[in-house]
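The values are calculated or read from the model by the stated rules, or taken from the named source; none is laboratory data. Everything numeric in this text was worked out from a predicted model, so none of it was measured. Neighbour counts are summed over all protein chains in view; Cβ atoms, including those assigned to glycine, are modelled from backbone coordinates with ideal geometry. We work out accessible area using only protein heavy atoms, side chains counted, and drop any ligands, DNA or RNA first. Shrake-Rupley method; radii C 1.70, N 1.55, O 1.52, S 1.80 Å.
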Amino acid sequence: ARLPLDERRRNVRGAFAAAGPPPGDGRILLVDDVMTTGATLAECARVLRRAGAGEVYAYAAARAVRG
């Protein structure tokens, strides 16, 4: 959470892989407990879209605020 956005993006780049194409109609919902920079959700969405997801939605229960 303390890393700057560009470092968070580099940190999660390549950290996720899809096991295959998404099931059903290709709409995916990602759920995150606390979103900090959004880099993890963005990387997951990127991987899912490359695997064939038509639409990727994200829900975060809370947003971290830097203070």
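What to note about this one:
- Between the helical axis of 39-50 and the longest alpha-carbon principal axis of the chain there is an angle of about 20 degrees.
- Residue-normalised accessible area of the chain, expressed per residue, 1.4 Å probe, Å²: 73
- 222 nm mean residue ellipticity, helices alone, for the chain (DSSP H n ≥ 4; -39,500 (n - 2.57); rounded to 500): -9000 deg cm²/dmol
- For Glu55, nonlocal amide neighbours, meaning residues 5 or more places apart or on other chains whose placed amide H falls under 5 Å from its own, are Arg27, Ile28.
- Highest-fluctuation residue, Val56, Val31, Val47 considered, GNM on the chain with Cα pairs under 10 Å: Val31
- Rounded percent of accessible protein surface that carbon and sulfur make up, segment 1-49, 1.4 Å probe: 54
- For the chain, the convex hull spanned by the alpha carbon atoms encloses 81 Å³ per residue.
- Efficiency of FRET from Cβ geometry, Asp25 and Ala58, R₀ 22 Å, rounded to 0.05: 0.80
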